[in-house]
Amino acid sequence: GVQGRLFAIGGFSLPGGGTRYGVGEIDPVTGAVLPWAPLFENVGNYVDRTALASDATRLYVGGRFATVDGTAHAGIVAFRLSDLSIEPATFGPVTDVMEVAASDDRVFALGNRVGWPQPSLFAFDRQTGAPLPWAPFEGFDWQMSPYAWSALAVSNGELVVVNPLEMNGGPFPGRHPLFRTSLTA
């Protein structure tokens, strides 16, 4: 939840029958599904919304999609909390996002980036969506696993990551299912 509001990803039972799949807002008092229903699409491919994050003004949705309500947004889209309209910033190029987290100035994603050989951690400018040069394990042979049970969170100035990370070299060889990195560095 954010600002007393509850958002979820999944299948939502509608009044009078039927199910709606995607991202929804739920009335935290009554449990009723509210009418906001953005349309996520992919050209000829599977569509998935797998991650939610928020900051003071936006709700971020990550997943496997190419457009949202007909506008190009691959992997991450931001909605204004004030009216749930889509922010114009395009985060990318990133696809198959498994998790997102937001800080005051950055959005973090665990997913695939075009031209990058494996799932990884990426950072984007919160306002523009431009990729940032941040790479916490740059220069080391490492592999993030593409598992749905991964998690990202921003807490006390750190990015906390849950993923069965494998590092074959560098200062921390081995498996690291939980780690954190400072946001100030």
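The values are calculated or read from the model by the stated rules, or taken from the named source; none is laboratory data. Because the structure is predicted, anything quoted here is derived from the model rather than measured. All Cβ positions, even for glycine, are placed from backbone atoms using ideal geometry, and neighbour counts span all protein chains on display. The accessibility values were calculated without ligands, DNA or RNA, using every heavy atom of the protein model including side chains. Shrake-Rupley method; radii C 1.70, N 1.55, O 1.52, S 1.80 Å.
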Would you kindly derive the ³J(HN,Hα) couplings of segment 46-54 from the backbone phi angles with the Karplus curve 6.51 cos²θ - 1.76 cosθ + 1.60 (θ = phi - 60°), listing them in order in whole Hz, with x for Gly and Pro? 5, 10, 8, 10, 10, 9, 10, 8, 8
Would you tally the net charge around Leu159, using a Cβ to Cβ cut-off of less than 13 Å, leaving Leu159 out, and scoring K and R as +1, D and E as -1? -2
Ignoring ligands, DNA and RNA, what percent of the accessible area of segment 40-131 is carbon or sulfur (1.4 Å)? 51
A student applying the Cα gyration tensor rule (rounded when a/c is under 1.5; otherwise prolate if a/b is larger than b/c, oblate if not) would label segment 6-114 oblate
Using DSSP to call loops (not H, G, I, E or B), can you name the chymotrypsin sites (Phe, Trp or Tyr not before Pro) in segment 43-132 whose Cβ has at most 11 other Cβ atoms within 10 angstrom? Tyr46
For the pair Ile86/Ala72, report the inter-label distance in nm, with labels modelled 7 Å from Cα in the Cβ direction. 1.2
Here the gain from full extension of Arg180 to Tyr21, 0.36 nm per residue of separation minus their alpha-carbon distance, amounts to 53.9 nm
